[in-house]
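The values are calculated or read from the model by the stated rules, or taken from the named source; none is laboratory data. Model, not experiment: these values are computed from the prediction. Glycine gets a Cβ as well: all are built from the backbone with ideal geometry, and neighbour counts include every protein chain shown. Accessible surface is based on the protein model in full, side chains and every heavy atom, while ligands, DNA and RNA are left aside. Shrake-Rupley method; radii C 1.70, N 1.55, O 1.52, S 1.80 Å.
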Amino acid sequence: MSKKKIVLLPRVKRILVEMGENIKLARLRRKLSAEQVSERANISRPTLVAIEKGSPTVSIGSYLLVLQVLGLEKDFLLLGKDDELGRKLQDAQIRTNERAPKRNRK
């Protein structure tokens, strides 16, 4: 079975690279070696290096394991939290599927 090639827009690739750099800086601020983090996250050292480079081929679970080791796993919950565009789209497409209540005619 052949692997599918991952095609990312340059803007998305830059986001992954920046995220990887931020993870690496967080590791260095905590004075942890790549070996320590990879061992605690139960991933290989090359996988950690790929994460720190922002590789799109690494599973999101591996990214989360590294964030957990660094104590940053709650930052993961901030993804998509304030979805301003999504809320505007949702508000623009409000539909009323229910009929208005019947009036009592007396």
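Details
- In the assembled protein chains, LEU79 presents an accessible area of approximately 120 Å² (probe radius 1.4 Å).
- For the chain: relative contact order, % (alpha-carbon pairs under 8 angstrom, 6 or more apart): 24
- Highest-MSF residue in the chain out of GLN93, GLN36, GLN68 [GNM, Cα springs under 10 Å]: GLN93
- Over 24 Å [Cα-Cα, the chain], rounded percent: 45
- Taken per residue, the accessible surface of the chain reaches 90 Å², heavy atoms only and a 1.4 Å probe.
- Over 21 Å (Cα to Cα) - which of LYS3/LYS81; LYS3/LYS74; LYS13/LYS53; LYS31/LYS81 fall in this group: LYS3/LYS81; LYS3/LYS74; LYS31/LYS81
- In segment 1-33, the trypsin sites (Lys or Arg not before Pro) that fall in loop regions by DSSP, at most 16 other Cβ within 10 Å: LYS3, LYS4, LYS5, ARG30, LYS31
- Whole-percent carbon and sulfur share, accessible surface of segment 1-53, 1.4 Å: 56
- Helices in the chain, meaning DSSP H runs of at least 4 residues, each add -39500 (n - 2.57). Divided by all residues, the mean residue ellipticity at 222 nm is -16000 deg cm²/dmol.
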